[in-house]
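Structure, as structure tokens:
The values are calculated or read from the model by the stated rules, or taken from the named source; none is laboratory data. What you are looking at is a predicted structure, and each value in this text was computed from that prediction instead of being measured. Counting neighbours? That spans all protein chains shown, and the Cβs are built from the backbone with ideal geometry, glycine included.
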Amino acid sequence: GESVGLHLPTLSVQEGDNSIINCAYSNSASDYFIWYKQESGKGPQFIIDIRSNMDKRQGQRVTVLLNKTVKHLSLQIAATQPGDSAVYFCAGSPQAAGNKLTFGGGTRVLVKP
Amino acid sequence: EAQVTQNPRYLITVTGKKLTVTCSQNMNHEYMSWYRQDPGLGLRQIYYSMNVEVTDKGDVPEGYKVSRKEKRNFPLILESPSPNQTSLYFCASTPWGGTSGNRADTQYFGPGTRLTVL
């Protein structure tokens, strides 16, 4: 089955620096990946997604990189701001399973002023 | 306003006492799902529903039931709750994107229900 995990449970970053959050997955059939942001007391919020036929996708201040060779994806946040402090989850979905998402354990990002 | 609502938001109950957590969405979405969130484990999918009367098990369905009699509602039922079901529960809904699958960028999560089973 799908297994998605995160390398670091907590990431401290200085305001204004770039943040990089990593995620590994085990199922080579995984077709679709999503990054979510969850602020304290709230449900997860979509940030950006990427399909396996791409290796990079950019959004507003965020970039997701996908390396299918080593089954790794990362989320880069440019110029991290205090409002970026949250827990970030990656999630993956094998195409064969339709829309069944498997989430990683989460990385807490702490932005230092 | 587009939203997913869950009720109750907080619930403390005792082992074996049947309970239902309601989930309702006002966006006419086809796909709805339930997750539980536990420290260090992220979100794990309990059940999902592709449309009315179509439900399927997620990764951790044991001890839970769901129903989808109407498009807008997707209640989560715990027939005989146990302490290991103490968790934070999220309902989510997404419009069906056909062959593209779910549109995660339009996936909405509810505010969460914190359940404690004593």
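Going residue by residue through the stretch B:42-60, is there one that turns out to be within 11 Å of chain A (Cβ to nearest Cβ), within 17 Å of B:Ser93 (Cβ to Cβ), among the polar types (S, T, N, Q) and in contact (Cβ under 8 Å) with a residue 60 or more places away in the chain? Within the stretch B:42-60, not a single residue is within 11 Å of chain A (Cβ to nearest Cβ), within 17 Å of B:Ser93 (Cβ to Cβ), among the polar types (S, T, N, Q) and in contact (Cβ under 8 Å) with a residue 60 or more places away in the chain. I want to confirm something. Restricting to the stretch B:6-58 and keeping residues that are among the small types (Gly, Ala, Ser) and surrounded by 14 or more Cβ atoms within 10 Å (Cβ to Cβ), which single residue is nearest to A:Lys100 (Cα to Cα)? Going through the qualifying residues, I end up with B:Gly58.
Among the residues of the stretch B:107-118, the ones that are within 11 Å of chain A (Cβ to nearest Cβ), buried (at least 17 other Cβ atoms within 10 Å of the Cβ) and at pLDDT 85 or above come to 5 in all. Could you tell me how many of the residues in the stretch A:65-74 are modelled with pLDDT of 95 or more and either touching a Cys at 6+ places or on another chain (Cβ under 9 Å) or part of a loop (DSSP other than H, G, I, E, B) (or both)? Going through the stretch A:65-74 one residue at a time, the tally reaches 1.
Just the residues that are closer than 12 Å to B:Thr113 by Cβ and under 15 Å from the mean Cα position of the chain (by Cα), please, taken from the stretch B:12-45. Once the filter is applied, which keeps residues that are closer than 12 Å to B:Thr113 by Cβ and under 15 Å from the mean Cα position of the chain (by Cα), the stretch B:12-45 yields B:Leu19, B:Thr20, B:Val21, B:Thr22, B:Cys23, B:Trp34, B:Tyr35, B:Arg36, B:Gln37.
Among A:Gln81, A:Gln95, A:Gln38, which is the only one that is at pLDDT 90 or above, at the interface with chain B (Cβ under 9 Å from one of its Cβ atoms) and in contact with a Gly (Cβ under 9 Å, 6 or more places away or on another chain)?
One residue alone meets the criteria, A:Gln38.
Just to be sure I understand, how many residues within the stretch B:79-106 are at pLDDT 75 or above and either among the aromatic types (Phe, Trp, Tyr) or under 20 Å from A:Gly43 (Cβ atoms) (or both)?
Taking the stretch B:79-106 first, the residues at pLDDT 75 or above are B:79-95.
Those left that are additionally either among the aromatic types (Phe, Trp, Tyr) or under 20 Å from A:Gly43 (Cβ atoms) (or both): B:85-95.
Qualifying residue count, the stretch B:79-106: 11.
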